[in-house]
Amino acid sequence: MSETNNLHPGLSVDCVIFGFHDNELKVLMLKMKHMDKWALPGGFVEKHVDVDTEAINVLQRRTGLKDIFLHQFYLFGDVKRNHQGHAQKLVKQGVIKPELESWFNQRFITVGYYALVEYANVQEPTPDSVSEKCSWLPLKELPDLILDHAEIIRKAHETLKRQLIYQPIGINLLPEKFTMPELQALYETVLEKELDRRNFRRKMLGYDILIQTDERRKGGAHKAPILYKFDKKKYHHAIEKGLKTGW
């Protein structure tokens, strides 16, 4: 089959793309053609392409963004993950051509990645050849997903939570300038728990990765809060070296 001759058999990537909007963690998902199921953005790996490069390509095709924070977090190799009947259903629903059924029916090991992107920067999410639309969906309200994609998302979220123990987040999920309450809302959403306001402020300032601007957020009912931004050099140093205390 000429369409698959250049692809590495049995190897794929799946990307959990997180965004933060309206105090919700959201995931970029694909609605399958002619099916009431959704899927993660992903793809097969070409024989001459590095696996990491293929994941980057998937992100760029779906979001239109470059220089995205991307982390390989798990290898999904359960022998039953690509269960019998999935490929036949794709053919029956007209999602793939009949001659591709044997390719889709083989056992696939997929490399899981998660990415953090600023929601507002993804202007028009782009579907792929087997999907009809690409949309942001709330992490807590995901619909029926294909294969083991629900497990991949769960594992990605767990990994993101653990990242907060030793690394900062935010530079990829928040606007360039943000308030301390907005940063705290992000951390609380990811961790799924409330954090003490004063302790959060003290800890974040203690990390020495924030720059206090001379601007304030206007338009609220209360006193306009101060706007901060990340010190990118110190932020990336914290990513590489780790933080001293977690949550």
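With 28 Å as the limit, write out which pairs from K140/K241; K66/K133; K66/K193; K47/K140 have Cα-Cα distances beyond it, or answer none. The answer is K140/K241; K66/K193; K47/K140. Where only DSSP H runs of four or more residues are counted, the chain gives -9000 deg cm²/dmol as its mean residue ellipticity at 222 nm, each run worth -39500 (n - 2.57).
You can think of it this way: the chain between A120 and W247 has 43.0 nm of extra reach, that is 0.36 nm per residue less the Cα-Cα gap. Placing dummy labels 7 Å off each Cα toward the beta-carbon, the span from R202 to K133 is 4.8 nm. Rounded to the nearest 5, the antiparallel percentage of DSSP beta bridges internal to the range 7-158 is 75%.
Taking the Cα centre of the range 168-241 as origin and charging only Cβ (+1 Lys, Arg; -1 Asp, Glu), how large is the dipole, in debye to the nearest 20?
Roughly 260 debye for the range 168-241.
Paramagnetic label reach from L195 (point 7 Å along Cα→Cβ; backbone nitrogen cut-off under 20 Å): within the range 105-131, residues 115-119.
Using the Cβ of N5 as centre and a radius below 14 Å, the other residues enclosed give a net charge of -2, where K and R count +1 and D and E count -1. Among the GluC sites (Glu not before Pro) within the range 143-247, those in coil by DSSP and having at most 16 neighbouring Cβ atoms inside 10 Å are E176, E192, E194. Measuring nothing but alpha carbons in the range 168-241 and taking Rh as the Kirkwood radius, the Rg to Rh ratio lands at 0.95.
For the options I109, I152, I226, a Gaussian network treatment of the chain with springs between C-alpha atoms closer than 10 Å singles out I226 as fluctuating the most.
Can you tell me the dipole magnitude for the chain around its Cα centre, using point charges on the Cβ only (Lys, Arg +1; Asp, Glu -1), in Debye to the nearest 20?
Details: 37 positive and 33 negative charges, 169 e Å.
Dipole of the chain, to the nearest 20 debye: 820 debye.
Seen from G19, the other residues with C-beta closer than 13 Å to its C-beta sum to a net charge of -1, counting Lys and Arg as +1 and Asp and Glu as -1.
Throughout, read-outs are computed from the coordinates displayed, never taken from laboratory work. Quick caveat: nothing in here was measured; it's all calculated off a predicted structure. No Cβ is skipped: glycine too gets one built from the backbone with ideal geometry, and neighbour counts run over all protein chains shown.
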